[in-house]
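See below for the structure under consideration.
The values are calculated or read from the model by the stated rules, or taken from the named source; none is laboratory data. Predicted, not measured: the structure shown is a model, and the values here were computed from it. As a convention, Cβ positions derive from the backbone with ideal geometry for all residues, glycine included, and neighbour counts pool all protein chains shown.
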Amino acid sequence: MRKLTSLAVILLMGVLVLSGASAALADDSLTGNWSGTWKCPEGEIKSGAMHGNITQSGNNVTGNFTLQGTVEGDISGPLKGTATGGLFVGDITASGWSMHLDGKYTSSSINGNYSGPLGNGTFSVNRQ
């Protein structure tokens, strides 16, 4: 009987640890407000600010972002993409063009490369 009780306690502790791990993973959602910079080394304008919001549901991310100070002025548009296993892929569309984002994320930052008709470069945003 004593071995059975010990085994039950060990199993209960294992379930609690795994439950905590699942809750921690759920907290890594990218949902929230983000702010940072874009850089275009070869562009007419070399850098500017960007900010927006993301909503994550499973691996899917949606939101809206604004890029400030581009050669076209400030540009805003919807974001649609995926975030899984630390990899972030998405597109911001505005005024008939699309900017592709490809990078890595943590719960507090997203960093990577972008490409589109306004040029190619890097971006970095942090959770606000």
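How many residues does the stretch 110-122 contain that are loosely packed, with under 14 Cβ neighbours inside 10 Å and closer than 17 Å to His51 by Cα?
Result for the stretch 110-122: 1.
Of the numbered conditions (1) modelled with pLDDT of 95 or more; (2) more than 21 Å from Ser29 (Cα to Cα); (3) crowded, with 17+ Cβ neighbours inside 10 Å, Ile75 satisfies every one except a single condition; which is it?
With (1) modelled with pLDDT of 95 or more; (2) more than 21 Å from Ser29 (Cα to Cα); (3) crowded, with 17+ Cβ neighbours inside 10 Å applied to Ile75, the lone miss is (1).
Give Ser115, Ser124, Ser76, Ser107 a once-over and let me know the one that is touching an Asp or Glu at 6+ places or on another chain (Cβ under 9 Å) and assigned to a strand (DSSP E or B).
Going through Ser115, Ser124, Ser76, Ser107 in turn, just one is touching an Asp or Glu at 6+ places or on another chain (Cβ under 9 Å) and assigned to a strand (DSSP E or B): Ser115.
Considering the stretch 47-63 alone, what residues qualify as being assigned to a strand (DSSP E or B) and either of a type in the set (Lys, Arg) or more than 15 Å from Phe123 (Cβ to Cβ) (or both)?
Looking only at the stretch 47-63, we keep the residues that are assigned to a strand (DSSP E or B), and these are 47-57, 60-63.
If the condition is that a residue be assigned to a strand (DSSP E or B) and either of a type in the set (Lys, Arg) or more than 15 Å from Phe123 (Cβ to Cβ) (or both), then Asn53, Thr55, Gln56, Ser57, Asn60, Thr62 are the ones that fit.
With the structure loaded, tell me whether Trp34 is at pLDDT 95 or above, assigned to a strand (DSSP E or B) and either closer than 15 Å to Ser108 by Cβ or touching a helix residue (DSSP H, G or I) at 6+ places or on another chain (Cβ under 7 Å) (or both) or whether it fails that test.
Judged against the criteria, Trp34 is a match.
Of all residues in the stretch 92-109, how many are surrounded by 14 or more Cβ atoms within 10 Å (Cβ to Cβ) and under 17 Å from Ser57 (Cβ atoms)?
1
Taking Asp102 as the residue in question, decide whether it is under 21 Å from Ser29 (Cα atoms) and either in a strand (DSSP E or B) or over 15 Å from the mean Cα position of the chain (by Cα) (or both).
Taking the combined requirement at face value, the residue satisfies it.
For the stretch 64-74, name all the residues that are free of Cβ contacts under 8 Å to residues at least 40 places away in the same chain, at negative phi and of a type outside the set (Phe, Trp, Tyr). Spell out the reasoning first.
Initially, the stretch 64-74 is screened for residues free of Cβ contacts under 8 Å to residues at least 40 places away in the same chain, giving 64-69, 73-74.
Remaining after also requiring at negative phi: 64-68, 74.
Within the stretch 64-74, Asn64, Thr66, Leu67, Gln68, Asp74 qualify.
Do we find that Thr93 is farther than 18 Å from Asn33 by Cα, among the β-branched types (Val, Ile, Thr) and part of a strand (DSSP E or B) in this structure?
In short, yes.
So which residues in the stretch 44-84 are β-branched (Val, Ile, Thr) and closer than 16 Å to Ser95 by Cα?
Of the residues in the stretch 44-84, the ones β-branched (Val, Ile, Thr) are 45, 54-55, 61-62, 66, 70-71, 75, 82, 84.
Hits for the stretch 44-84 are Thr66, Thr70, Val71, Ile75.
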